[in-house]
Amino acid sequence: MSLDLAPALSATEEARRQIEICNACRYCEGFCSVFPAMTRNKAFADGDLTHLANLCHNCRGCHYACQYTPPHEFALNIPAALAEVRHESWERLARPQALSKLFQERGVAMAGLLTVALALFFWLIAAFRPAGGEGFYAYMAHNLMVAIFAPAFILPLALIALSLRDYWREVGGGRVRLRHLAQAGRMAGRMRNLDGGHGDGCNFEDGDRFSHRRRIAHQLVMWGFLASFAATSSGTVLHYVFDWPAPYPIWAPPKLFGVPGGIAMVIGTGWLVALKLRADPNLGARRVWGGEMAFVLLLGAVAATGLALWLATGTAAVAPLLAVHLATVMTLFLLMPFSKMVHGFFRFTALVAEAGKQEKG
Amino acid sequence: MTEIYDIAVVGGGNAALCAAITAAKTGARVIILEGAPEPYRGGNSRHTRNFRCMHRGPMSPLTGTYEEEEYFHDLMLVTKGKTDEHLARLAIRTSEECLPWMQEHGVRFQPSLSGTLSLSRTNAFFLGGGKALVNAYYNTAADLGIEIVYQAQVRHVHRDGQRITHLEVQIAGAPATRIEARAFVLASGGFQADIDWLARAWGPSARNFLIRGTPYNRGVVLKDMLDQGADSVGDPTQCHAVAIDGRAPKYDGGIVTRLDCVPFSIVVNRDGQRFYDEGEDTWPKRYAIWGRLVAAQPDQVGYALIDAKSIDLFMPSVFPPIVADTIPELAAKLGLDPAAVAATVQQFNSACRPGPFHPTELDGLATEGLEIAKTNWARPLDTPPFYGYQLRPGVTFTYLGLKVSDSAQVHSPEGPITNLWAAGEIMAGSILGQGYLAGFGMTIGTVFGRIAGKEAAAHVA
Ligand SMILES: Cc1cc2nc3c(=O)[nH]c(=O)nc-3n(C[C@H](O)[C@H](O)[C@H](O)COP(=O)(O)OP(=O)(O)OC[C@H]3O[C@@H](n4cnc5c(N)ncnc54)[C@H](O)[C@@H]3O)c2cc1C
Ligand code: SF4
Ligand code: SF4
């Protein structure tokens, strides 16, 4: 046994130690956006590391390719070091602070909130069942739904916007141009940072072998989510602008987007869970493994209950399914700033910032 | 182990993997005996970054053309003619077909990059470096059904007349077992990790050398074969060393311990004296001689001194430099005599003359009147803070090896050993008599690994 008296490095210090080694090596330039961004610096301020950490998509290519991973004394584990800094940055920049750490780390907390939401919606549906109304609105009045979900959606978004503003300051982001947004959009849309640079994909579920599975699964979830979001938005427009309330036929935009989107999300989240169970947890931020897993399951539950609800139209199952669906959606919304959900916002912002920084050189 | 393999490959680096894959693709039953444990598999190949490749037209990722004559000329320059022209040309010519072969077997290359533009015509850089290459080959090997054993230290290659009968192998520290095969490929690299051997060859000063690559290349198999009368080639007293950061680990420090600061520094020895023209040529052309220069100094150590004007002109080093506000203070921090260093710097500064400074080309900005001139990039050290790096020789490559024919077959005075081939650094002395050409080690390993694999497979077919 040895007594190690050296104080443990903070996540940022540890990432700095590792990134300085990479910057003298640069063999991994070409895998992702992190390494070209790194080579612009010789010294790394905390904000630089926050930026690099949020550019890292945890593809793990640089870990399996690294000649300095343990047991080598340099003990590099870039995906984990950057994951720690990344999660810390989300937690640090989130508000309110107390909730942030709780939900990032613990799936149990998420499940707890979900249970509360479930109870709420069962009670609401039982107690406030309207007399009239069609489709879902036969179970819960439209106005009540709006009264609950509008703030539950807008408030978290506003909190995230505040976090992103702080993030932008911390990493020294410049003026945003349309072309920066376009570049970030292209990177995210194709998930360029999970293609390995060579187009063979990333390392995740199968050690040092490359595959596109995680990338495809992730895109199914992402595009599925965006499609579902488009479904809800188009429904809102139809309701308020065209005075056409739900339920909608299969050919109307809410269903056209919603059904395939929901299916993509169910498949994508299920796949991600399976992949995550096979991947090495030591190459990510270990302490948030449970929180991340719970988040993926929650996303899957949102989509699955939404689809089930549609399939159950006209049966007795609608009432309980509606309560469950609304509870999952509600939990997802409320947790946006404090769960893995926030990664999408930060990653995109990092890509925009990077597009600008590349121009400055 | 009672099984008899078609081919046993000794070693688990680039040359071994190329041989094993080539042989297995013909249907042969192949076993790889890698002496290192799995996390350290791949020998020095895991530390590499590129390979040098001939090409008659642009060939992704290489730009322009790099023809046989130019390649050969570059080789002649560094080896000062100490090469076997026939084998050298074979390696050069075959390198062209290696690139697509490597890609087919999973190796991926970098697009032309920031720090490497000067080499993008001659050298193809591995995406992720040598360990990524090694990983790709191990996966290919596994898919081909090759048996891979780690921690398999080959102790003895049993020669019976002109034939090898079996290997004696210690697996994971267990007592040695026999491994029998019908043909054998030796690809166990050089002997640079055996410091005693280096010290015998170089003299005791070699104990101060750092070994840039794997601690597992101890030349056990090479020595065993030489003891059994195999033909040898290459200068046993020489090794290729570059100047690296003196704080590097004893083994396996790899690429990040290199220092590119010399052309923009003055370099003094333990006694505070300069000993060579730091600005003789551009760094890619000179880095290879500095290991030897430092090795010849007392205590095998040098100190590069830089001022604030130049600190950003080279790639960052992994260990931060020693910093001080004055030269005597810097000298003291480096453990040098402040007065001696101050005098050297003073003398150097007054020998500098004004003129345009171009960090990326030979600018002819030379000192005047110094016994040891600095012939380019000579600017006075006058802008604090001042920075210092300790330099030590870091061994990259050894030259002594097995002499092979153009079919990679190992020979003895009595003629070829009928079922024994060698590839990679263990036979590279046949081609690289001295000096070193960036990226040529991997070329030799790939070319001769594939030849050895093919020949061995033909022998057992
Ligand atoms: C830091 C560094 C950087 C380099 N960069 C480059 C570069 O960019 N380009 C280039 O062309 N060259 C480079 N070189 C040189 C290059 O590494 C070698 O020329 C090349 O790797 C040799 O390949 P090999 O397969 O012969 O040997 P290695 O890759 O060294 O493999 C030898 C193998 O044999 C095994 N072994 C040793 N003894 C035994 C035993 N008794 N039993 C079983 N197994 C054993 C070892 O474990 C190892 O797996 C570099 C070298 C170093 C040190
Ligand atoms: S992860 Fe390892 S191989 Fe990749 S750049 Fe960093 S130090 Fe080099
Ligand atoms: S894990 Fe992937 S995305 Fe992250 S730094 Fe390494 S190579 Fe880049």
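In this structure, does residue B:331 turn out to be in contact with a Phe, Trp or Tyr (Cβ under 7 Å, 6 or more places away or on another chain) and either buried (at least 18 other Cβ atoms within 10 Å of the Cβ) or of a type outside the set (Phe, Trp, Tyr) (or both)?
Judged against the criteria, residue B:331 is not a match.
Within the stretch B:17-46, how many residues are touching a Gly at 6+ places or on another chain (Cβ under 6 Å) and open to solvent by 20 Å² or more (accessible area, probe 1.4 Å)?
The total comes to 3.
Looking at A:195, A:280, can you tell me which residue is closer than 21 Å to residue A:297 by Cβ and within 14 Å of another protein chain (Cβ to nearest Cβ)?
That would be A:280, the only listed residue that is closer than 21 Å to residue A:297 by Cβ and within 14 Å of another protein chain (Cβ to nearest Cβ).
Scan B:157, B:149, B:134 and give me the residue that is more than 13 Å from every other protein chain (Cβ to nearest Cβ), crowded, with 21+ Cβ neighbours inside 10 Å and β-branched (Val, Ile, Thr).
When all the criteria are applied, what remains is B:157.
Results for (1) part of a strand (DSSP E or B); (2) in contact (Cβ under 8 Å) with a residue 24 or more places away in the chain; (3) open to solvent by 20 Å² or more (accessible area, probe 1.4 Å); (4) within 14 Å of chain A (Cβ to nearest Cβ), shown as yes or no for each residue.
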{"site": "B:224", "(1), (2), (3), (4)": "no, yes, yes, no"}
{"site": "B:237", "(1), (2), (3), (4)": "no, yes, yes, no"}
{"site": "B:241", "(1), (2), (3), (4)": "yes, yes, no, no"}
{"site": "B:244", "(1), (2), (3), (4)": "yes, yes, no, yes"}
{"site": "B:281", "(1), (2), (3), (4)": "no, yes, yes, no"}
{"site": "B:287", "(1), (2), (3), (4)": "no, yes, yes, no"}
{"site": "B:293", "(1), (2), (3), (4)": "no, yes, yes, no"}
{"site": "B:313", "(1), (2), (3), (4)": "no, yes, yes, yes"}
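Just to be sure, is residue B:108 touching a residue at least 12 places away in the same chain (Cβ under 8 Å), crowded, with 17+ Cβ neighbours inside 10 Å, away from chain A (no Cβ under 14 Å) and among the charged types (D, E, K, R)?
Criteria not met by residue B:108.
Determine the pairs where a residue that is crowded, with 23+ Cβ neighbours inside 10 Å, located within the stretch B:397-426, has a partner that is of a type in the set (S, T, N, Q) with Cβ atoms under 6 Å apart, the partner being 6 or more residues away or on another chain.
Every condition considered, the pairs that remain are B:398/B:192; B:399/B:238; B:404/B:430; B:417/B:162; B:421/B:409; B:426/B:188.
Would you pick out the residues in the stretch B:54-92 that are surrounded by 14 or more Cβ atoms within 10 Å (Cβ to Cβ) and more than 24 Å from residue B:408 (Cα to Cα)?
B:59, B:61, B:62, B:63, B:66, B:70
Provide a single number: the residues in the stretch B:265-277 that are surrounded by 24 or more Cβ atoms within 10 Å (Cβ to Cβ) and not in a strand (DSSP E or B).
1
Quick test for you: out of A:308, A:304, A:319, A:252, pick the one residue that is surrounded by fewer than 23 Cβ atoms within 10 Å (Cβ to Cβ), in contact with a Phe, Trp or Tyr (Cβ under 7 Å, 6 or more places away or on another chain) and either at pLDDT 95 or above or not basic (Lys, Arg) (or both).
Exactly one residue qualifies, and that residue is A:319.
With the stretch A:103-212 as the region, which helices (runs of 4 or more DSSP H) entirely inside it contain at least 2 residues that are among the polar types (S, T, N, Q)?
Output list reads A:142-171.
From the list B:401, B:388, B:433, exactly one residue is at pLDDT 95 or above and under 25 Å from the mean Cα position of the chain (by Cα). Which is it?
Just one listed residue meets the conditions, B:401.
Given (1) open to solvent by less than 20 Å² (accessible area, probe 1.4 Å); (2) more than 10 Å from ligand 3 (Cβ to nearest atom), where does residue A:88 come up short, assuming only one miss?
So residue A:88 meets the others, but not (1).
For the stretch B:6-16, name all the residues that are of a type outside the set (Gly, Ala, Ser), surrounded by 24 or more Cβ atoms within 10 Å (Cβ to Cβ) and more than 14 Å from chain A (Cβ to nearest Cβ).
B:7, B:9, B:10
When residues of the stretch A:19-28 are filtered for being open to solvent by less than 20 Å² (accessible area, probe 1.4 Å) and facing chain B (nearest Cβ under 7 Å), how many remain?
Result for the stretch A:19-28: 6.
Going through A:53, A:43, A:94 one at a time, which residue ends up being within 16 Å of ligand 3 (Cβ to nearest atom) and of a type in the set (Gly, Ala, Ser)?
Within the list A:53, A:43, A:94, the selection yields A:53.
Mind listing whichever residues of the stretch A:59-78 are crowded, with 24+ Cβ neighbours inside 10 Å and either more than 8 Å from ligand 2 (Cβ to nearest atom) or away from every other protein chain (no Cβ under 11 Å) (or both)?
A:59, A:60, A:61, A:78
Output the qualifying pairs, or none if there are none: Cβ atoms under 7 angstrom, residues six or more apart or on different chains, first residue in the stretch A:113-138 and over 20 Å from residue A:314 (Cβ atoms) and of a type in the set (A, V, I, L, M), second residue assigned to a loop (DSSP other than H, G, I, E, B) and open to solvent by less than 60 Å² (accessible area, probe 1.4 Å).
A:124/A:140
When the stretch B:18-51 is examined, which residues are found to be small (Gly, Ala, Ser) and within 14 Å of another protein chain (Cβ to nearest Cβ)?
Matches in the stretch B:18-51: B:36, B:42, B:43, B:45.
Among the residues of the stretch B:182-195, which ones are more than 14 Å from ligand 1 (Cβ to nearest atom) and either in contact (Cβ under 8 Å) with a residue 40 or more places away in the chain or assigned to a loop (DSSP other than H, G, I, E, B) (or both)?
Passing the criteria: B:182, B:183.
Can you name the residue in the stretch B:137-146 that is more than 11 Å from every other protein chain (Cβ to nearest Cβ) and open to solvent by 30 Å² or more (accessible area, probe 1.4 Å) and is also farthest from residue B:441 (Cα to Cα) among such residues?
B:145
Return the pair list, or none, for Cβ contacts closer than 8 Å from residues in the stretch A:16-38 that are more than 18 Å from residue B:126 (Cα to Cα) and within 16 Å of ligand 1 (Cβ to nearest atom) to residues that are open to solvent by less than 10 Å² (accessible area, probe 1.4 Å) and assigned to a helix (DSSP H, G or I), at least 6 apart or on different chains.
A:21/B:256
The values are calculated or read from the model by the stated rules, or taken from the named source; none is laboratory data. These numbers come from a predicted model, not from an experiment. Cβ atoms come from the backbone with ideal geometry, glycine included; neighbour counts cover every protein chain shown. Surface accessibility is based on the protein's heavy atoms, side chains included, excluding ligands, DNA and RNA. Shrake-Rupley method; radii C 1.70, N 1.55, O 1.52, S 1.80 Å.
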